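A short write-up of the structure that comes next.
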Amino acid sequence: MSSKLKIFLGISYLAILLIFLYLIFSYVEINRLNEFSYYKEIQFNLESLIGENIYLNLSLFFLFSIIWITLLGFGSPLLIISGILFGKWLGTIISVVSISIGTLILYTIAGFFFSSLVQKILGEKFSRYINLFKRNEFYYFFIFRFMGGLGTPFFIQNILPIIFRMKKSNYFFSSFLGFIPGFFIINTIGAGLNKYIKQAENFNLISLISTKEVYLPIIFFIAIIFTSAIIKKKIFDQSNSR
């Protein structure tokens, strides 16, 4: 593939992403973002909308999530939103399935069109992990996903396996299984936030954090961060140095 074609595809991809973001944020009233009543209005409207046709809205969210992730979107906002819209259980299921599919599509597209570019940008930086992943790509990538990517930005996590040519089946299922605990925690935070907005009259950060539905998943999330640091040192760094 010629460099001109790659540049054209890259610019087109970026243009689609910017248009997509514009369409999303054009519905947000920026001047009311500091009003707690605005969020209560949004919460009420969303709850009414979701309740009218849960299956249609699940389908729309499912498609939106796939497109969003394919266009290099962040994962955390989707997880919070799915928890708010559908609760921690249904939100976890729909977000795990849709984001797993979205990451697979992104991985496939990036591997087909931008493999050499990814190798050039990420190959040297993550070269110490290539042999480690090649030993058992499913096992190590599952741990990598399970621990939230060990601090690696989400969109980089999604294209990183290109540098060691991971099989698509291993990529999908290791991602799917590895996503579950972290996604459940963040969906639980979203569900707790939804409950707080519904019940509170005014926003108070201390009051929000002190609710069980919010502080418990935050504690688990912090525990995962600390565990990630230990796993990175014990499994990834030490195993690689052998």
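Read-outs throughout are calculated quantities, based only on the coordinates presented, and are distinct from any laboratory measurement. As the structure is a prediction and not an experimental result, all values here were calculated from the model. With ideal geometry, Cβ positions are generated from the backbone for all residues, glycine too; neighbour counts draw on all protein chains shown.
Backbone phi angles across segment 154-160, fed through the Karplus curve with coefficients 6.51, -1.76 and 1.60 (θ = phi - 60°), yield HN-Hα couplings of 4, 5, 6, 3, 6, 10, 4 Hz in residue order; Gly and Pro are listed as x. Under the convention that each Lys and Arg Cβ holds +1 and each Asp and Glu Cβ holds -1, the size of the dipole of segment 97-154 around its Cα centre is about 140 debye. Cα centroid separation, segment 79-93 to segment 153-170: 25 Å. Which shape class applies to segment 141-180: rounded if a/c is under 1.5, otherwise prolate when a/b exceeds b/c and oblate if not, where a ≥ b ≥ c are the square roots of the Cα gyration tensor eigenvalues? Taking the square roots of the gyration eigenvalues as a ≥ b ≥ c, segment 141-180 is oblate.
Counting Lys and Arg as +1 and Asp and Glu as -1 over every other residue whose Cβ lies under 14 Å from the Cβ of residue 104, the net charge comes to +3.
The phi torsions of segment 93-109, fed into the Karplus equation with coefficients 6.51, -1.76 and 1.60 and a -60° offset, translate into couplings of 4, 5, 6, 4, 5, 5, 5, 4, 5, x, 5, 5, 5, 4, 4, 5, 5 Hz, rounded to whole numbers, with Gly and Pro shown as x. In segment 68-220, one over the average inverse separation of all distinct C-alpha pairs is 16.4 Å, which is the Kirkwood hydrodynamic radius.
This ranking places 108, 92 by how few other beta-carbon atoms lie within 10 Å of each, fewest first, which gives 108, 92. Taking the Cα atoms of segment 63-102, the ratio Rg/Rh between the radius of gyration and the Kirkwood radius comes to 0.94.
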